[in-house]
Amino acid sequence: MNDSSDNDHGAKPSISSLKTKPLERSIALTRLGMGAGAKIVAHSVANIFRGGIERDEANREFYRRQAQILADELGKLKGSVMKAGQMLSLYGQYFLPEEAVTVLSSLQDDTPAVDWKVVRPVLERALGRSRMRELDIDERPMAAASLGQVHRARRRSDGIEVCVKIQYPGVADAIESDIRTLSRLLLVTRLTPKGLDLTPVFNEVREMLHREVDYETERHFTETFAHRLEGDPRFVVPRVLGDYCSDQVLTTTYEHGLHVRHDDVQGLPQERRNALGLGFLELFLTEFFRWGMVQSDPHFGNYRVRIGQGGEPDRIVLLDFGATRIFGHGFIDSYAEIVRGALLRDRDMIFRGAQAIGLMQHDFPRSVLDGFATMCEMIVEPFNAPGDPRTPERLRGPRGAYRWGDSDLPMRAGRIAATNALSLYFRVPPREIVFLHRRLAGVFIMLATLRCELATRELLQQALADVERAGKT
């Protein structure tokens with residue numbers, strides 16, 4: 001649970017009441033849809049009198065405005081409908097206008113908090129007033145999200161500092177209604193292409209929402225990560241305090257740390273930043289290839305850096321395991337085959353793995369298959385062998401290290417995807433890919449932010465070898 005160092009909920013006024021009943025939430029979104037319909041008519045009429053370039057610019061601005069209106073309303077409603085909007089920003093890169101994806105992405109961290117008077121009754125019902133009096137709770141939230149918010153507290157008996165995560169009232173009950181209403185709203189606002197079936201996307205969003213309001217499962221994953229990383233001096237996982245937990249409340253120890261962009265972290269020597277980045281990368285490889293259990297939300301608010309004092313190692317504080325996903329052995333094996341093929345430049349191996357998990361089909365045009373393979377080979381660029389000429393010279397550090405801070409790899413890979421028209425064939429990928437690549441992108445951004453210089457080919461090869469050995473046992 002997050003440190004409050006970079007959260008400023010004074011930037012937006014707090015919400016004094018929530019629309020928690022399905023009917024009133026549906027009415028609010030329906031009213032939004034009716035307004036959007038009128039704007040669409042006006043926009044379509046105006047386009048008749050515009051030239052081609054002017055029309056394109058007007059369309060982009062229209063999509064941006066529509067998405068901003070949608071994002072603002074979702075932010076006010078909170079709950080599952082807002083979380084669904086966040087998820088659409090992930091899936092949306094495959095089918096929404098770029099302007100809409102940019103605006104919906106703001107829902108990840110630009111959300112107003114809810115007044116204490118709204119969440120206090122949830123806490124009282126969950127813990128009871130007697131147990132609640134054991135805690136001295138700061139009524140100002142230290143972090144606010146779509147499904148709940150976190151308050152810092154101190155246990156009076158021993159002074160231990162804790163974080164109390166409280167679910168907003170009514171969010172679990174409103175999931176089904178919210179999903180139906182939002183799917184209709186997307187059609188009305190014309191943010192999605194005609195004929196695109198979003199049923200699989202919303203089925204996944206629905207499943208994800210039910211999982212994220214399940215605080216008992218989140219508690220289980222928090223305790224599981226703590227157990228598996230116990231004794232590893234590079235990581236800190238909060239300890240769950242079971243006496244202050246329920247199906248709507250999760251309480252853990254408060255674990256201090258700094259945001260990765262904090263000046264003190266950015267000012268660490270190269271060697272220490274490299275060690276942090278290496279630990280972060282190794283954790284991801286272990287989660288996916290060895291455990292099949294990945295904390296899939298890469299938001300920087302879920303990670304803190306605890307700077308070591310007096311010769312102690314710097315440590316990564318891991319927070320919020322509500323988005324943890326389990327991956328099956330078959331998916332891991334096939335994905336490992338894609339990565340192995342990309343490292344070896346073996347395109348037949350890449351295609352076998354991609355077809356096995358539904359990323360590619362055998363009847364796709366050769367240009368699409370080759371474009372996909374080129375993109376895969378580029379994504380593993382940081383793991384190329386030392387001196388590989390395919391690694392841009394400016395990114396080659398000493399002893400085969402890759403200069404993450406100078407890399408524009410995500411943009412180059414995106415250009416390849418666009419150039420080869422992959423979007424025509426690769427619209428909505430398997431859900432496992434969306435969440436895995438969400439975390440993978442977060443790893444790349446973390447290493448770039450730390451300006452790491454790392455040689456990690458052997459680390460990845462070892463993880464792939466472990467997958468292969470596990471498959472033979």
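Each reported figure results from applying straightforward, stated rules to the coordinates on display, with no laboratory input. Predicted model, so just to flag it, every value in this text is computed and none were measured. When we count neighbours, we look across all protein chains shown, and the Cβ atoms used for this are built from the backbone with ideal geometry, even at glycine.
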Kindly write out, for the stretch 326-335 in residue order, the coupling ³J(HN,Hα) from the Karplus curve 6.51 cos²θ - 1.76 cosθ + 1.60 (θ = phi - 60°), rounded to whole Hz, with x marking Gly and Pro. 9, 10, x, 4, x, 5, 4, 4, 5, 5
Would you report the distance distribution of C-alpha pairs in the stretch 160-294 as whole percents per 5 angstrom bin, up to the bin with the largest distance? 2, 8, 12, 13, 14, 14, 13, 12, 8, 4, 1, 0
So if we plug the beta-carbon distance of GLU271 and ARG140 into 1/(1 + (r/R0)^6) with R0 = 35 Å, what FRET efficiency do we get, rounded to 0.05? 0.35
Report the charge-dipole magnitude of the stretch 329-472 in Debye, nearest 20, computed about the Cα centre from +1 at each Lys and Arg Cβ and -1 at each Asp and Glu Cβ. 240 debye
Rounded to the nearest 0.05, what FRET efficiency is calculated for ARG394 and ARG366 with R0 set to 25 Å and r the Cβ-Cβ distance? 0.20
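For the stretch 240-327, what is the Kirkwood estimate of the hydrodynamic radius, computed as the reciprocal of the mean inverse distance between distinct Cα atoms, to one decimal in Å? Before the final figure, lay out each step's value.
Numbers: mean 1/r = 0.0681 Å⁻¹.
When all Cα pairs of the stretch 240-327 are included, the Kirkwood radius is 14.7 Å.
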Taking 22 Å as R0, compute the FRET efficiency from the Cβ-Cβ separation of ASP264 and ARG234 and round it to 0.05. 0.75
Least to most buried among GLU216, GLU381 (fewest other Cβ within 10 Å first): GLU216, GLU381
What nm value, rounded to one decimal, do you get for the distance between ASP158 and LEU464 when each label is placed 7 Å out toward the C-beta? 4.7 nm
If you look at just the Cα atoms of the stretch 329-472, how large are its Rg and its Dmax in Å? 15.1, 43
Grab every C-alpha pair in the stretch 294-347, bin the distances at 5 angstrom width from 0 up to the longest one, and report whole percents. 4, 15, 14, 12, 13, 16, 13, 9, 4, 1
